[in-house]
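What follows is a single structure, written as structure tokens, with notes after it.
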Amino acid sequence: MTGAYQRNGKRWGDSGQERIAGKTAGKQTINYGGRNMKLSIEEKKILYAFGCGSHENTVRRLKWVTALTVDEKVKRRVLCLARKLDDGGAGEWYPCFYRHLRLEMEGYFEAKKHIRMVEKSTDWEGFYGKAV
């Protein structure tokens, strides 16, 4: 990782988001059921929107969403996620994983809401002067 530095045993990247979260903002490796699974923020958003506590129902729903999606990029992303989850043995650890995902994504959306509120309520011209 270029430009990363170490502090208190944690390695952080350059972006402020990564330093605040204390972890990388891109793909995160999740170890459930003895196997590592990497999920991007887009995949987490898809699971947040279309997933449920039942592994079988989630995989079935993602396959239906794939069939109904018109955009090729989104279709591929949803199908890849469905295949990741459909890989054997996920049914045992999926309910716990899904609960943690819901909590993580609720925190993510709450933080985005607070950032938008701060951006709207801050008078930037007072800090930097009027724009030219």
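The values are calculated or read from the model by the stated rules, or taken from the named source; none is laboratory data. Since this is a predicted model, take the numbers as computed values, not measurements. Neighbour counts run over all protein chains shown; Cβ positions are idealised from the backbone, glycine included. With ligands, DNA and RNA removed, areas are computed over all heavy atoms of the protein, side chains included. Shrake-Rupley method; radii C 1.70, N 1.55, O 1.52, S 1.80 Å.
At a glance:
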| quantity | calculated |
| --- | --- |
| Contacts under 6 angstrom Cβ, first residue in the range 103-119 being touching a residue at least 60 places away in the same chain (Cβ under 8 Å), partner surrounded by 10 or more Cβ atoms within 10 Å (Cβ to Cβ) and among the aromatic types (Phe, Trp, Tyr), 6 or more apart | Met105/Tyr48 |
| Residue that is least open to solvent (accessible area, probe 1.4 Å), among those in the range 93-116 that are under 16 Å from Phe50 (Cβ atoms) and of a type in the set (Ser, Thr, Tyr) | Tyr94 |
| The range 79-92: number of residues that are open to solvent by 70 Å² or more (accessible area, probe 1.4 Å) and either touching a Lys or Arg at 6+ places or on another chain (Cβ under 6 Å) or modelled with pLDDT under 90 (or both) | 3 |
| Among (1) open to solvent by 50 Å² or more (accessible area, probe 1.4 Å); (2) within 21 Å of Glu106 (Cα to Cα); (3) modelled with pLDDT of 90 or more; (4) not in a helix (DSSP H, G or I), the one test that Ala49 misses | (4) |
| Pairs, first closer than 13 Å to Arg77 by Cα in the range 55-67, second assigned to a helix (DSSP H, G or I) and open to solvent by 30 Å² or more (accessible area, probe 1.4 Å), C-beta under 8 Å, six or more apart | Leu62/Phe50; Leu62/Leu79; Lys63/Leu79; Val65/Phe50; Thr66/Lys75; Thr66/Leu79 |
| Identity of the residue in the range 93-132, modelled with pLDDT under 80 and part of a helix (DSSP H, G or I), that ends up nearest to Lys38 (Cα to Cα) | Trp124 |
